[in-house]
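Worksheet: the structure to be examined is printed underneath.
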Amino acid sequence: MGWNSWNCWGLDVSAEKVKSSAQALLDKGLADYGYAYINIDDSWEAPERDANGDLLANDKFPDMKGLGEWLHDEGLKFGIYSSPGVTTCGNYLGSIDHEENDARMYNEWGIDYLKYDWCGYQQKWMTEKDNYTRASFIRPYMLMEKYLREQPRDIFYSLCQYGWEEVWKWGPMVDANSWRTTGDITDTWESMSDIGFRQQEDLYPYAAPGHWNDPDMLEVGNDLTVNQGRAHFGLWAMMAAPLILGNDLRSMDKETLDIISNREVIAVDQDSLGVQGFKIPVGQNVETWWKPLSGGDWAVLVLNINKEPVSYELNWQMFNMTDDEVSGRSTDFDKITYTVRDLWNGGKPTKTDKPLKVKVGGEDAAMYRLTPIKDKKH
Ligand code: GLA
């Protein structure tokens, strides 16, 4: 959990913007919810390496080590971006042939997170004899992993290569902590819903503690409506996705803050069972998503893809099922009664002994947490 400069500032990021965003994260109490990583994306890099082959930061970042120290003093973590290629996506210098130097430099600066973006590596890859083989996709990530893991720091390794060559199948092998599963998200309903609702559903068996599918950073608080932001955040929580904020934390409105600081929704994302939710469509552009949680609980999301609000009767008995593929957990609605907590609206919990009448706004999602009612005799 944390914040990254890209969705908000793009290539126009600076140390001042990063520091003031981190300060806003602290001032608004977001660190207390678990947001910890402050990640600089592309455009921090100097145009040339020094005589030792070290890559320095450009004028916008006069003191990387100092910035890292300040973040650490405030209890936050420090993330950075690079590419295995000659250049990054933004045409800044990449790490090619200098992976060892760069890993060492990250360690010196106190880096805790590296986003490593394929991009400019494409040119080299095109010239490789074995390109298009899985080995050729793995190689650059394996190389950086070797040097990263030689550092004394515990550095989160975030792969960014848009989900090519089924990265979710080999990400754990290169000790990646997360891997992007798709191309870039933007702050439109079309982009967010295409990535979130359509491109992730088959990937749920590949997420596991320490090794996560990454459907890209959050757009909540950017150009999405409140309903869309709530659907976005809820869905990312159901997917156990990294919650990396991408909005301007300094100027966000109350609705945005309320969404990203919903403790119970965050708890679904961060649940210690570490299982990604799966989808069961129920027709008329309504989907239900189900996520087994620790302690016998379940999270349920009812997503309305229509522009208009819908009413849907959630008959629990229709969802007696077992997650055979990952957790082995069953809902057992025919044997167990659960309390049902509405995670966005609060209020008195209901029970699964009768169907739930769900009202969901247009392009919005309702979200619930089910907890088994323990039989008092046992
Ligand atoms: C790629 C990545 C983005 C961002 C930019 C930076 O497009 O997918 O997330 O890091 O590069 O240039």
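The values are calculated or read from the model by the stated rules, or taken from the named source; none is laboratory data. None of the values given here were measured: they were computed from a predicted structure. Heads up, the Cβs are rebuilt from the backbone with ideal geometry, glycines too, and the neighbour counts pull from every protein chain shown. Only protein heavy atoms, including side chains, enter the accessible area calculation; ligands, DNA and RNA are left aside. Shrake-Rupley method; radii C 1.70, N 1.55, O 1.52, S 1.80 Å.
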Seminar exercise, completed: Those cysteines in the chain that have no second cysteine Cβ within a distance under 4.7 Å are 8, 160
Problem set entry | Cα lying deepest toward the dipole's positive end in the chain, options 79, 56, 355, charges on Cβ | 355
Exercise. What relative contact order, as a whole-number percentage, does the chain give when Cα pairs under 8 Å and 6 or more residues apart are counted?
Worked result: 12 percent
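Subtracting the Cα-Cα distance from 0.36 nm times the residue separation, let me have the gained length for residue 353 to residue 63 in nm, one decimal.
Stretched out fully, the residue 353 to residue 63 stretch lengthens by 98.4 nm.
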Problem set entry | Violating pairs (Cα-Cα greater than 25 angstrom) within the set 115/169; 28/359; 65/115; 115/279; 354/374 | 28/359; 115/279
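Report the extension gain between residue 270 and residue 134 in nm, rounded to one decimal, defined as 0.36 nm multiplied by the number of residues separating them, less their alpha carbon distance.
Residue separation times 0.36 nm, minus the Cα-Cα distance, leaves 45.8 nm.
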For this session: Hand me the GluC sites (Glu not before Pro) from the stretch 87-166 located in a DSSP loop with no more than 14 other Cβ atoms within 10 Å, in residue order please.
Result: 128
Problem set entry | Area accessible to solvent at residue 149, 1.4 Å probe radius, in Å² | 80 Å²
Seminar exercise, completed: Rounded to two decimals, the Debye log10 I(q)/I(0) of the stretch 140-217 (Cα scatterers, no solvent) at q = 0.20, 0.21, 0.22, 0.26 Å⁻¹ is -0.85, -0.91, -0.97, -1.21
For this session: Write down the Å³ per residue value for the convex hull defined by the alpha carbon atoms of the stretch 21-152.
Result: 125 Å³
Exercise. What value, in deg cm²/dmol to 500, does the helix sum -39500 (n - 2.57) over DSSP H runs of n ≥ 4 give at 222 nm once divided by the residues of the chain?
Worked result: -7500 deg cm²/dmol
Seminar exercise, completed: Taking only protein heavy atoms and a 1.4 Å probe, the highest-to-lowest accessible-area order of 268, 282 is 282, 268
Exercise. How much accessible surface area, in Å² rounded to 10, belongs to the heavy atoms of residue 142 with a 1.4 Å probe?
Worked result: 80 Å²
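Loop only per DSSP, at most 12 neighbouring Cβ atoms within 10 Å: give me the GluC sites (Glu not before Pro) in the stretch 305-378, ordered by residue number.
Sites meeting the loop and neighbour criteria: 325.
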For this session: State the Cα centre-to-centre distance between the stretch 162-195 and the stretch 83-116 in whole Å.
Result: 20 Å
For this session: Grab the alpha carbons of the chain, take their convex hull, and tell me the volume per residue in Å³.
Result: 148 Å³
Seminar exercise, completed: By accessible area (1.4 Å), largest first, 129, 357, 77 order as 129, 357, 77
